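All remarks here apply to the structure that follows.
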Amino acid sequence: MIVSNQWAVVQDHSRVFQDLVYVYPVISRRSRGLSIGINLNPDKRCNFDCVYCEVDRKTPGRALTVDLIQMREELIWLIRYALEGGLATQPKFNEVPELTRQIRDIAFSGDGEPTMVPNFDACVRVAVEVKREFGLATTQLVLITDSAGLDKASVKRGLELMEANQGEFWCKLDAGTEEYYRLVNRSFVKFERILANLLETARARPIVIQSLFLKINGAVLPPEEIAAYCGRLNDIVQGGGRIREVHAYTVARPTPEPWATRLSAGELEAIAVQIRERTGLKVLTFD
Ligand code: SF4
């Protein structure tokens, strides 16, 4: 079944469901169905400050740390609720009841960067154990990351655990040059560290590159930036890394910065065509 971005349940990216702190359901186009998100940043911390970020950091987060016991209980409750049909009765989810009983993935995502949590491997272990308890053999474990923390020891252990349990690694790369990276992602982390982390991670296992392209002051990504971006992807592949595919998308809603705006479907596809031609990689677009 094709998941449409016209559905209200797909447009709703809320990470709050009932009174749960760590866990939330979404119908995701990229997951092609129900994704159970685990918010490892209820404190809203991130080491990026993307111009398109939708996290409201003016209001305080719902918790300062990740309570593993509560996280486990919430995950068990939500999975059972979905499997038994409760989610199918909820507003928006009742548009697509047939999608709510099959859990396509459990995704580490949230209101910040999941790899910033100090005990990432312990968080993964909880998800692995709950997934096994429910016999969810085909449900994937997805990490959605800005790649800045992929070199941390606890994260590396978590990645290995994920890999042994249907792991998928969706790693952000929005730029080809340090300058553009500073403009769009506004991070204090060096661009070369991001690139080194991507290479090391992709050498160990296939990764998916997630790239958000947008207009800055009305201008699409300059040709030299696209060329540099493709060069970074080619560097990873030529360095022995495996990129399973590239997900190219654009902003879905108005961004906090009025000068950062969405691409049309045609503009996004034109960039995807260039990436395919310059890298030979599979590129999917999500406008
Ligand atoms: S990496 Fe994600 S959470 Fe962090 S600033 Fe960027 S969009 Fe927001």
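A short reminder: the numbers here are calculations on the coordinates, not readings from a lab. Since the structure is predicted, the reported quantities are computational estimates derived from the model, not experimental observations. Please note: Cβ atoms are built from the backbone with ideal geometry, for glycine as well, and neighbour counts cover all protein chains shown.
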I need to check one value: relative contact order of the chain, counting alpha carbon pairs closer than 8 Å and at least 6 residues apart, in percent. 15
The long-range amide H neighbours of Ala63, using H built 1.01 Å from N in the peptide plane and a cut-off of under 5 Å, are Asp43
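Roughly speaking, what is the stretch gain from Ala252 to Arg276, that is 0.36 nm per residue apart minus the C-alpha to C-alpha distance, in nm to one decimal? List each step's numbers first, then the result.
Details: separation 24, 0.36 × 24 = 8.64 nm, distance 2.30 nm.
Working it through step by step, the gained length comes to 6.3 nm.
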What is the set of long-range amide H partners of Glu168 at a cut-off below 5 Å, with H atoms built 1.01 Å from backbone N? Leu141, Val142, Leu143
Using 0.36 nm times the number of residues separating Asp56 and Glu129, minus their current alpha carbon distance, what extension gain do you get? 23.1 nm
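Using a Förster distance of 41 angstrom, determine the FRET efficiency expected from the C-beta separation of Glu84 and Arg193, and round it to 0.05.
0.40
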Expressed in angstrom and ordered largest first, the alpha-carbon extents of the chain along the principal axes are 51, 40, 37
Efficiency of FRET between Glu178 and Leu68 - r from beta-carbon atoms, R0 45 angstrom, step 0.05: 0.75
Over the chain, what is the percentage of antiparallel beta bridges among all DSSP beta bridges, to the nearest 5? 25
Could you tell me the center-to-center distance, by alpha carbons, between region 227-287 and region 133-169 in angstrom? 23
Net charge, Leu141 excluded, C-beta distance under 13 Å - Lys, Arg +1, Asp, Glu -1: -1
I need to check one value: relative contact order of region 1-170, counting alpha carbon pairs closer than 8 Å and at least 6 residues apart, in percent. 23
Potential lengthening between Ala153 and Asn217 on full extension [0.36 nm per residue; Cα-Cα distance subtracted]: 19.1 nm
